[in-house]
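The values are calculated or read from the model by the stated rules, or taken from the named source; none is laboratory data. Fair warning: this is a prediction, and the values are worked out from it, not measured in the lab. Heads up, the Cβs are rebuilt from the backbone with ideal geometry, glycines too, and the neighbour counts pull from every protein chain shown.
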Amino acid sequence: MGLNEGRDETLIKLVEMTDDSEISSIKKIVSGIIAIINNPRSTVQDLKEIIEIDPPLSAKVLKTANSAYYASQRKIGDIEQAVIWIGFDELKEIALSQKVCEIFAKEELVDGYSRILLWKHSVAVAILAKMIYRRELRKRGDDIYAAGLLHDIGMIAEDQFLHDDFKNSLNKFTEGKMSLADAEFDVFGYNHADVGRALTDHWNLPREMVTAIGYHHDTFGVPWKFPVMALTLYISDYLCQMSGIGYCGFSHKIDETIFQRCLNALGLEQYAFKMIAEDLKKEISRMESRGLL
Amino acid sequence: MDELANSDKLSSKVLYLETKIKHLTNELRLTREEYKTRVKNYYDLYSNMEKKVAERTREVKELHKILGEKTGQLQIMLDSSPVMIFYKDVKQKYVRVNKIFSKIIGVQIREIIGKSYTELFPGNPGHLFEDDSEVIQTGQAILNRTCYIETPEGQRQILVDKIPYKGIDGKVISIIGFAVDVTDLRKAENEKNELQQKIIRAEKMEAIGLLAGGVAHDGNNILTALSGYLQLIQINIPEDDPNRGYIEGSLKASKQMEHLINDLLTLTRNVVSNKKIVNLNEIISDYISSPVWKNVKNRYPGVIIETKLVPDLPNIRGVPDSLTKVIMNLVINAAEALPESGNIIISTRNISIEKPLDAYDLSIKKGDFVVLTVTDNGTGIAPDDLNRIFEPFYTKKAMGKSGTGLGMTIVYGIVKDHNGFVDVRSIEGEGTTFELYFPSTEGKISEEKELPVKDYSGSGERILVVDDVKEQREILSEILTRLGYSVITLSSGEKAVEYLKTHSADLLILDMIMGAGYDGLDTYKKILESHPEQRAIIASGYSKTGRVREAQRLGSGQYLKKPYTFEKIGLAVKTELER
């Protein structure tokens, strides 16, 4: 349809705009780490090489390695040592969070929205989704962690490049008439999930991730091939909002039935889910007390 | 109702636990897998590290090898050097030295490293050698400084270079040094200088000798004429002629001249002195009782002379007249050093020496010697003069003594001619001692008797006299005729050769030196070609040279030394004709 084509074009334009911006600055590292996550044969060397090319990231990694939490006996002086000390898997996450966090670093609060809050939300979603993966689905969860961090990245793009329209949609949402996604659709012709999809696709991130991000508000529109990640994202997103962690301005009401269908589709028990949610809350408050969030 | 509630509680508890267990189990499984991956990662890392270490080790080994080679090369170079090389830090401690350094100072290398020179040799100052502070402070090199170090071989003189090695900031961080042991070099230089001095002295003496020889040769010829003619007069005039005394006096004077010329000739050391077995004690006693002695006493009345002659003094081989001359000259020399009064002691003793002695270019090896000492307590001789006292004319010119200036020179020459040794010790203001060493001999003293004229007259034998000097020919001819021989005289060797082609002679008397043409030897050789059995006598006023000896070897008999006396000629001719 004409509308769709137009929509796609503006989307593409938006994505192109991001290429010259700071958003794109994280692209290399993020896609690199995600590639490592998805490659079972990747080594410490590979991770080290990715981190090394980003001075602020390297600095942060070393600082972390030498922090009280990791309690190294000797001063950690290089990335390789840091990778070994902190742990290959942990460091993947740390580096990823570190990098993505960079684009969320604006304090300005507009209509209850701020990037910081969005970041908090994204981290919570990432952690919860990973927990679900590990405890219920017995999967490692590195990839969904990354997806969690990135799932609302579309909003950043909108905020940065279509600021007025974005504010407009925020307005529309806060007036209470519709969900944020619908408001966006109204204003832009697409919502932040679409933007996220386009962006991550543009970055050549894995198909599953791209799809999950794209459909995280519209789970049952997801092509049947990649349901798990999308479903998990949805329910994690949903719960975090419900729990009031970070930014919660996505919808005014929750559709319980869809939520339940998703749980069923994943084979998740409510009870189990509740337990995991409890642990999430614990983890979030622990991170808050350590000043990480 | 309660039971229901309880069972609800229980089942919810169970549900909780079940879920918890499920979650934990899943986590555990995942963790276990992740753990495996992690271990593999670590293992990869470790292998990588091992590879790196192995490579690094290889590199290090390689470098070590190269370093070792280079060090070895350096060490060889350092140790091959004949120059001492050393390397010190700013604390003046030795960091490295080469072999020759260690060898010369006589300390093992490992004992040297880490110590300073002062630590190695406390209280043994090498001065410049030990102290580097000048170099360290000024940052300038010191080159070619002479200093002395004590070594097991004694004190050695060395030339030192010290060069500062500076760091990037220009401060001295170490010192490189080189030192050459020049002791032997200096010694050799000194010896060379001494030898050169000796040569100059010897050349001087030789020149004088030549001069003296020339004078003596002509002098002898003249004397021969003089003495010859006088002897003829002596024979011709009657016994009671009042002029006899004058003739005798003249002959005596002529004899004295002969002696003087003889002395001059001793300086040439070409003279064959007529040595006899004599005893110094006798000669000294003879001298004391001689009129010459009385003269000396008269001239120096304040002088008291004693003799201390050891009894049983061994004999020596010598020429009495020469030895007397020696004593006389030494006594006069001593007397002159006692301006108003004083003592002179002449003593003799017997000595055996073990080590060779060396002074005034004379030296004697170990053996038995008779020592003649003449000591005075006079004004003494200054050290500079002492070195040169035997130089001809030195005593006259430089020391202002009286006489010909040859007195000491003659003493020296006579001592040398007697294979002896002389040493002088003197302290200004206290006195002087001359010590003369003569090799002693086992021989016994012989007496010489003069033969009366009759015993050597001839009976008309033909004698051919060859001499380029007319007076010589005349005198010889007269003497021989007197003695009863028939004489022919010729003025050159060539003429003699010609003459003998057509004539014969029972005896030739050939002068050795005859101007530009044949000398005595040439003549004799030529004549021998046609007359291989020809008897001959060589006559010479000069010396028994190699040519004379050669002639004698070829067959000539006696050697007749001018000036002639009746006895000499008669004896020689008689002896030769009766051979």
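Among the residues of region A:141-158, are any within 11 Å of the chain's Cα centre (by Cα), surrounded by fewer than 24 Cβ atoms within 10 Å (Cβ to Cβ), of a type in the set (D, E, K, R) and more than 13 Å from chain B (Cβ to nearest Cβ)?
yes
Taking region B:385-406 as the search range and keeping residues that are outside any loop (DSSP other than H, G, I, E, B) and either crowded, with 22+ Cβ neighbours inside 10 Å or at pLDDT 85 or above (or both), which one is nearest to the chain's Cα centre (by Cα)?
Residue satisfying both the conditions and the ranking: B:388.
Got a sec? Which of B:352, B:363 is surrounded by fewer than 16 Cβ atoms within 10 Å (Cβ to Cβ), part of a strand (DSSP E or B), free of Cβ contacts under 8 Å to residues at least 24 places away in the same chain and at negative phi? Reasoning before the result, please.
On the way: B:363 fails: free of Cβ contacts under 8 Å to residues at least 24 places away in the same chain.
Unique residue meeting the criteria: B:352.
I'd like the full set of residues that are at pLDDT below 85 and either surrounded by 13 or more Cβ atoms within 10 Å (Cβ to Cβ) or under 30 Å from residue B:383 (Cβ atoms) (or both), limited to region B:454-468.
Filtering region B:454-468 for residues at pLDDT below 85 gives B:454-461.
Those that are at pLDDT below 85 and either surrounded by 13 or more Cβ atoms within 10 Å (Cβ to Cβ) or under 30 Å from residue B:383 (Cβ atoms) (or both): B:456, B:457, B:458, B:461.
Look through A:232, A:211 and report the one residue that is on the phi < 0 side of the Ramachandran plot and touching a Pro at 6+ places or on another chain (Cβ under 7 Å).
Being on the phi < 0 side of the Ramachandran plot and touching a Pro at 6+ places or on another chain (Cβ under 7 Å) holds for just one of A:232, A:211, which is A:211.
Can we say residue A:261 is of a type outside the set (A, V, I, L, M), surrounded by 14 or more Cβ atoms within 10 Å (Cβ to Cβ) and either assigned to a helix (DSSP H, G or I) or touching a residue at least 60 places away in the same chain (Cβ under 8 Å) (or both)?
Answer is yes for this residue.
Filter region B:295-352 down to the residues that are more than 30 Å from the chain's Cα centre (by Cα), among the small types (Gly, Ala, Ser) and within 18 Å of residue B:419 (Cα to Cα) and list them by number.
Of everything in region B:295-352, nothing turns out to be more than 30 Å from the chain's Cα centre (by Cα), among the small types (Gly, Ala, Ser) and within 18 Å of residue B:419 (Cα to Cα).
Specify which of the listed residues (A:76, A:51) is away from chain B (no Cβ under 14 Å), under 21 Å from the mean Cα position of the chain (by Cα) and buried (at least 19 other Cβ atoms within 10 Å of the Cβ).
A:51
Quick check, is residue B:88 of a type in the set (D, E, K, R), over 27 Å from residue B:188 (Cα atoms) and touching an Asp or Glu at 6+ places or on another chain (Cβ under 7 Å)?
Judged against the criteria, residue B:88 is a match.
Are any residues in region A:8-45 within 14 Å of another protein chain (Cβ to nearest Cβ) and in a helix (DSSP H, G or I), and if so, which ones?
Those that are within 14 Å of another protein chain (Cβ to nearest Cβ) and in a helix (DSSP H, G or I): A:36, A:37, A:38, A:44, A:45.
Which count do you get for residues in region B:1-35 that are more than 11 Å from chain A (Cβ to nearest Cβ) and acidic (Asp, Glu)?
Here the count works out to 3.
Of the residues B:471, B:533, B:529, only one is among the acidic types (Asp, Glu) and in a loop (DSSP other than H, G, I, E, B); which?
Within the list B:471, B:533, B:529, the selection yields B:533.
In region B:86-99, what count of residues is obtained for those that are touching a helix residue (DSSP H, G or I) at 6+ places or on another chain (Cβ under 7 Å) and not in a strand (DSSP E or B)?
Looking only at that region, the number is 3.
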